[in-house]
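Student: So that we are looking at the same thing, I have put the structure below in C-alpha coordinates.
The values are calculated or read from the model by the stated rules, or taken from the named source; none is laboratory data. The shown structure was predicted, so the numbers you read here are calculated from the model rather than taken from an experiment. So basically every Cβ, Gly included, is an ideal-geometry build from the backbone, and we count neighbours across all protein chains shown. Surface areas here come from the heavy atoms of the whole protein model, side chains and all, with no ligands, DNA or RNA. Shrake-Rupley method; radii C 1.70, N 1.55, O 1.52, S 1.80 Å.
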Amino acid sequence: MSSFIPVVKAAGAVLVHSPGFVRYGSKPMREISARPSCLEELKARLRTLEQAESYLPNRVFLGTESPERLFEVERPWFNRRVEPAKGLSPFGDLVEEESFIALLALSDLFRHISLLERFWEDVKPRLDQSPLFSPLTRAVPSLLSRSQMESRLAGKEGIPLYVGIDPEPVGWVRHGHTEDGSLAAHILLENQCTKVSAALAAREIFLRNDHLKAESVEFI
(Lines give C-alpha, C1' and ligand atoms only; values in the text may rest on other atoms or scores of the structure.)
Protein backbone atom coordinates (compact mmCIF):
# COMPACT_ATOMS: atom_id res chain seq x y z
CA MET A 1 0.00 0.00 0.00
CA SER A 2 1.32 3.43 -0.95
CA SER A 3 2.33 5.74 1.90
CA PHE A 4 2.09 8.88 -0.19
CA ILE A 5 0.06 11.69 1.38
CA PRO A 6 -1.73 14.01 -1.08
CA VAL A 7 -1.03 17.71 -0.67
CA VAL A 8 -2.52 20.86 -2.17
CA LYS A 9 0.20 22.57 -4.18
CA ALA A 10 -1.83 25.38 -5.72
CA ALA A 11 -5.33 26.74 -6.13
CA GLY A 12 -7.05 28.93 -8.68
CA ALA A 13 -10.24 30.98 -8.80
CA VAL A 14 -12.23 33.26 -11.07
CA LEU A 15 -15.04 35.72 -10.52
CA VAL A 16 -17.40 36.10 -13.46
CA HIS A 17 -19.26 39.38 -13.84
CA SER A 18 -22.44 38.44 -15.71
CA PRO A 19 -25.27 40.88 -14.88
CA GLY A 20 -27.16 39.92 -18.03
CA PHE A 21 -27.68 36.42 -16.58
CA VAL A 22 -29.35 37.60 -13.37
CA ARG A 23 -32.79 37.49 -15.00
CA TYR A 24 -32.44 33.73 -15.45
CA GLY A 25 -31.97 32.93 -11.78
CA SER A 26 -34.78 30.90 -10.19
CA LYS A 27 -36.22 33.73 -8.10
CA PRO A 28 -35.93 36.46 -10.79
CA MET A 29 -37.57 34.22 -13.40
CA ARG A 30 -40.53 33.57 -11.13
CA GLU A 31 -40.88 37.23 -10.20
CA ILE A 32 -40.61 38.43 -13.80
CA SER A 33 -43.16 35.85 -14.93
CA ALA A 34 -45.63 37.04 -12.29
CA ARG A 35 -44.90 40.75 -12.79
CA PRO A 36 -43.06 41.59 -16.06
CA SER A 37 -42.26 45.15 -14.93
CA CYS A 38 -39.95 43.59 -12.35
CA LEU A 39 -37.37 43.06 -15.11
CA GLU A 40 -36.81 46.79 -15.57
CA GLU A 41 -36.53 47.26 -11.81
CA LEU A 42 -33.92 44.50 -11.68
CA LYS A 43 -31.92 45.92 -14.59
CA ALA A 44 -31.81 49.34 -12.90
CA ARG A 45 -29.96 47.78 -9.96
CA LEU A 46 -27.32 45.75 -11.80
CA ARG A 47 -23.69 46.63 -11.18
CA THR A 48 -21.21 47.61 -13.89
CA LEU A 49 -17.88 45.89 -14.46
CA GLU A 50 -16.08 48.88 -12.97
CA GLN A 51 -18.19 48.62 -9.83
CA ALA A 52 -17.43 44.90 -9.58
CA GLU A 53 -13.71 45.56 -10.00
CA SER A 54 -13.68 48.14 -7.22
CA TYR A 55 -15.85 46.16 -4.77
CA LEU A 56 -13.70 45.35 -1.73
CA PRO A 57 -14.88 41.74 -1.10
CA ASN A 58 -14.09 40.94 -4.74
CA ARG A 59 -10.58 42.38 -4.32
CA VAL A 60 -10.10 40.25 -1.19
CA PHE A 61 -11.34 37.12 -2.97
CA LEU A 62 -8.88 37.64 -5.83
CA GLY A 63 -6.02 38.39 -3.45
CA THR A 64 -5.24 42.04 -4.19
CA GLU A 65 -6.49 43.11 -0.74
CA SER A 66 -6.00 41.36 2.61
CA PRO A 67 -9.00 40.00 4.55
CA GLU A 68 -8.14 42.46 7.32
CA ARG A 69 -9.22 45.30 5.04
CA LEU A 70 -12.81 44.15 5.47
CA PHE A 71 -12.61 45.20 9.12
CA GLU A 72 -10.93 48.50 8.31
CA VAL A 73 -13.39 49.79 5.70
CA GLU A 74 -16.80 50.97 6.87
CA ARG A 75 -19.86 49.16 5.58
CA PRO A 76 -21.76 49.02 3.31
CA TRP A 77 -18.80 48.02 1.14
CA PHE A 78 -20.63 48.58 -2.16
CA ASN A 79 -20.49 52.32 -1.41
CA ARG A 80 -16.72 52.23 -0.83
CA ARG A 81 -14.75 52.16 -4.04
CA VAL A 82 -11.38 50.39 -3.92
CA GLU A 83 -8.93 51.16 -6.72
CA PRO A 84 -8.57 48.02 -8.91
CA ALA A 85 -5.14 46.41 -8.88
CA LYS A 86 -2.89 46.44 -11.93
CA GLY A 87 -1.69 43.24 -13.57
CA LEU A 88 -2.52 39.69 -12.53
CA SER A 89 -4.38 39.15 -9.29
CA PRO A 90 -2.69 36.55 -7.05
CA PHE A 91 -5.60 34.10 -6.97
CA GLY A 92 -7.42 34.64 -10.27
CA ASP A 93 -9.14 37.01 -12.66
CA LEU A 94 -12.40 38.91 -12.79
CA VAL A 95 -13.90 37.76 -16.10
CA GLU A 96 -16.05 40.26 -17.98
CA GLU A 97 -19.37 39.24 -19.44
CA GLU A 98 -18.68 39.45 -23.18
CA SER A 99 -15.71 37.10 -22.96
CA PHE A 100 -17.57 34.67 -20.75
CA ILE A 101 -20.55 34.47 -23.10
CA ALA A 102 -18.20 33.71 -25.99
CA LEU A 103 -16.45 30.99 -23.97
CA LEU A 104 -19.81 29.39 -23.14
CA ALA A 105 -20.53 28.97 -26.84
CA LEU A 106 -16.99 27.83 -27.67
CA SER A 107 -17.13 25.04 -25.09
CA ASP A 108 -20.64 23.85 -25.96
CA LEU A 109 -20.08 20.63 -27.89
CA PHE A 110 -23.83 20.07 -28.35
CA ARG A 111 -24.32 23.49 -29.96
CA HIS A 112 -27.18 24.55 -27.73
CA ILE A 113 -25.55 27.97 -27.38
CA SER A 114 -25.12 30.22 -30.43
CA LEU A 115 -23.64 33.70 -30.81
CA LEU A 116 -24.62 36.57 -33.04
CA GLU A 117 -22.02 36.74 -35.82
CA ARG A 118 -21.26 40.41 -35.22
CA PHE A 119 -20.78 39.82 -31.50
CA TRP A 120 -18.29 37.01 -32.16
CA GLU A 121 -16.33 39.20 -34.57
CA ASP A 122 -16.11 41.92 -31.92
CA VAL A 123 -15.14 39.73 -28.98
CA LYS A 124 -12.72 37.25 -30.60
CA PRO A 125 -9.76 39.70 -30.82
CA ARG A 126 -10.19 40.36 -27.10
CA LEU A 127 -10.04 36.63 -26.36
CA ASP A 128 -6.97 36.18 -28.57
CA GLN A 129 -5.06 38.79 -26.55
CA SER A 130 -5.69 37.08 -23.21
CA PRO A 131 -3.23 34.43 -22.00
CA LEU A 132 -6.10 32.83 -20.09
CA PHE A 133 -8.53 32.67 -23.02
CA SER A 134 -6.43 32.47 -26.20
CA PRO A 135 -5.81 28.66 -26.13
CA LEU A 136 -9.59 28.19 -26.09
CA THR A 137 -10.35 30.18 -29.26
CA ARG A 138 -9.07 27.74 -31.86
CA ALA A 139 -12.59 26.47 -32.48
CA VAL A 140 -15.48 28.45 -33.97
CA PRO A 141 -18.76 28.56 -32.01
CA SER A 142 -22.22 28.15 -33.46
CA LEU A 143 -23.08 31.47 -35.10
CA LEU A 144 -26.33 33.18 -36.05
CA SER A 145 -27.02 35.97 -38.52
CA ARG A 146 -29.27 38.84 -37.48
CA SER A 147 -32.24 37.31 -39.34
CA GLN A 148 -31.63 33.91 -37.74
CA MET A 149 -31.57 35.52 -34.31
CA GLU A 150 -34.86 37.26 -35.01
CA SER A 151 -36.34 33.92 -36.07
CA ARG A 152 -35.18 32.33 -32.78
CA LEU A 153 -36.71 35.18 -30.79
CA ALA A 154 -40.01 34.80 -32.62
CA GLY A 155 -40.07 31.02 -32.11
CA LYS A 156 -39.44 31.30 -28.35
CA GLU A 157 -37.83 27.85 -28.24
CA GLY A 158 -35.05 29.00 -25.92
CA ILE A 159 -33.73 32.12 -24.22
CA PRO A 160 -31.69 35.07 -25.52
CA LEU A 161 -28.38 36.11 -23.95
CA TYR A 162 -27.76 39.77 -23.14
CA VAL A 163 -24.75 41.80 -22.08
CA GLY A 164 -25.75 43.76 -18.98
CA ILE A 165 -28.80 45.93 -19.63
CA ASP A 166 -28.31 46.10 -23.42
CA PRO A 167 -31.73 45.31 -24.97
CA GLU A 168 -30.21 43.64 -28.04
CA PRO A 169 -29.39 39.94 -27.58
CA VAL A 170 -25.89 38.70 -28.46
CA GLY A 171 -26.58 34.98 -28.16
CA TRP A 172 -29.19 32.28 -27.92
CA VAL A 173 -29.62 29.13 -25.81
CA ARG A 174 -32.05 26.61 -27.25
CA HIS A 175 -33.99 24.10 -25.18
CA GLY A 176 -32.45 20.63 -25.15
CA HIS A 177 -35.88 18.99 -25.07
CA THR A 178 -39.39 20.39 -25.28
CA GLU A 179 -40.82 18.04 -22.64
CA ASP A 180 -37.92 17.53 -20.23
CA GLY A 181 -37.71 20.41 -17.75
CA SER A 182 -34.15 19.44 -16.77
CA LEU A 183 -33.09 20.26 -20.34
CA ALA A 184 -34.72 23.70 -20.43
CA ALA A 185 -32.48 26.43 -21.80
CA HIS A 186 -31.94 28.21 -18.47
CA ILE A 187 -30.88 24.92 -16.84
CA LEU A 188 -28.45 24.16 -19.67
CA LEU A 189 -27.07 27.69 -19.34
CA GLU A 190 -26.51 27.25 -15.60
CA ASN A 191 -24.73 23.93 -16.14
CA GLN A 192 -22.50 25.39 -18.84
CA CYS A 193 -21.61 28.38 -16.65
CA THR A 194 -20.50 25.98 -13.92
CA LYS A 195 -18.32 23.96 -16.30
CA VAL A 196 -16.66 26.93 -17.98
CA SER A 197 -15.97 28.86 -14.77
CA ALA A 198 -14.44 25.70 -13.23
CA ALA A 199 -12.27 25.17 -16.32
CA LEU A 200 -11.07 28.78 -16.15
CA ALA A 201 -10.21 28.39 -12.47
CA ALA A 202 -8.15 25.31 -13.34
CA ARG A 203 -6.35 27.23 -16.08
CA GLU A 204 -5.57 29.99 -13.58
CA ILE A 205 -3.56 27.47 -11.55
CA PHE A 206 -1.11 26.88 -14.38
CA LEU A 207 -1.05 30.50 -15.50
CA ARG A 208 0.16 31.61 -12.06
CA ASN A 209 2.37 28.64 -11.15
CA ASP A 210 5.14 28.08 -13.68
CA HIS A 211 6.52 25.15 -11.70
CA LEU A 212 3.31 23.18 -12.27
CA LYS A 213 2.72 21.39 -15.55
CA ALA A 214 -0.69 20.08 -16.55
CA GLU A 215 0.67 16.64 -17.47
CA SER A 216 2.16 16.19 -13.98
CA VAL A 217 -1.05 16.95 -12.05
CA GLU A 218 -2.96 13.82 -11.07
CA PHE A 219 -5.99 15.35 -9.41
CA ILE A 220 -7.90 18.66 -9.63
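Student: With a 1.4 Å probe and every protein chain left in place, tell me how much accessible area T48 has, in Å² to the nearest 10.
Tutor: Result for T48: roughly 70 Å² accessible.
Student: Given the -39500 (n - 2.57) contribution per DSSP H run of 4+ residues, what per-residue ellipticity at 222 nm results for the chain, rounded to the nearest 500 deg cm²/dmol?
Tutor: Using -39500 (n - 2.57) per qualifying helix, the result is -11500 deg cm²/dmol.
Student: Another question about this same structure. Using alpha carbons only, how many degrees (0 to 90, rounded to 10) separate the axis of helix 117-128 from the longest principal axis of the chain?
Tutor: Once rounded, the angle reads 10 degrees.
Student: Continuing with the same structure: Would you please give the residues with an amide H less than 5 Å from that of V95, counting only those at least 5 places away or on a separate chain, with H modeled from the backbone geometry?
Tutor: L15, V16, H17
Student: Here's another thing I want to ask about it. Would you mind checking the tilt of helix 97-106 against the longest principal axis of the Cα atoms of the chain, expressed as 0 to 90 degrees and rounded to 10?
Tutor: Taking Cα atoms only, the helix is inclined about 80 degrees.
Student: May I pose another question? For region 20-82, which GluC sites (Glu not before Pro) are in a loop by DSSP, counting at most 10 other Cβ atoms within 10 Å?
Tutor: Loop-located and lightly packed - E68, E74.
Student: Then there is this: Could you give the length gained by full extension between R126 and F206, i.e. 0.36 nm per residue of separation minus their alpha carbon distance, to one decimal place? Don't skip to the answer; put the middle values down first.
Tutor: Values: separation 80, 0.36 × 80 = 28.80 nm, distance 2.06 nm.
That works out to 26.7 nm of additional length.
Student: For L136, L62, L109, write out the residues from largest to smallest accessible area, computed with a 1.4 angstrom probe and no ligands counted.
Tutor: The residues order as L109, L136, L62, largest area first.
Student: What angle, in degrees between 0 and 90 and rounded to the nearest 10, separates the Cα long axis of helix 185-208 from the longest principal axis of the Cα atoms of the chain?
Tutor: 30 degrees
Student: Could you tell me which of A202, W77, L39 has its Cα farthest along the dipole of the chain towards the positive end, charges placed at Cβ (Lys, Arg +1; Asp, Glu -1), taken about the Cα centre?
Tutor: After comparing all options, I get L39.
Student: Kindly report the accessible area of region 61-220 per residue (heavy atoms of protein chains, probe 1.4 Å, no ligands, DNA or RNA), in Å².
Tutor: 60 Å²
Student: Given labels modelled 7 Å from the Cα in the Cβ direction, how far is it in nm from E68 to V217?
Tutor: About 3.1 nm, to one decimal.
Student: Sort out the exposed loop trypsin sites (Lys or Arg not before Pro) in the chain (DSSP loop, at most 16 other Cβ within 10 Å) and tell me the longest stretch that has none.
Tutor: So the longest stretch without any such site is 157-212.
Student: Just by accessible area at a 1.4 angstrom probe, what is the order of V217, V8, V170 from largest to smallest?
Tutor: Putting V217, V8, V170 in descending order of accessible area: V8, V217, V170.
Student: Could you sort out which of K27/K156; K27/K124; K124/K195; K43/K156 sit more than 26 Å apart by Cα distance in this structure? Before the final figure, lay out the partial values.
Tutor: Working: K27/K156 21 Å; K27/K124 33 Å; K124/K195 20 Å; K43/K156 21 Å.
Checking Cα-Cα distances, K27/K124 exceed 26 Å.
Student: Here is a follow-up. Here are a few candidate values for Cα Rg over 2.2 N^0.38 Å: [x] 0.91; [y] 1.00; [z] 1.14. Which one was actually calculated from the structure I just gave you?
Tutor: Entry [z].
Student: Simple spin-label model, 7 Å along Cα-to-Cβ: T48 to D166 in nm?
Tutor: About 1.5 nm separates the two model spin labels.
Student: Can you list the chymotrypsin sites (Phe, Trp or Tyr not before Pro) in region 1-96 that are in a DSSP coil and have 13 or fewer other beta carbons within 10 angstrom? Numbers along the way, then the final one.
Tutor: Values: sites: F4, F21, Y24, Y55, F61, F71, W77, F78, F91; in loops: F4, F91.
Loop-located and lightly packed - F4.
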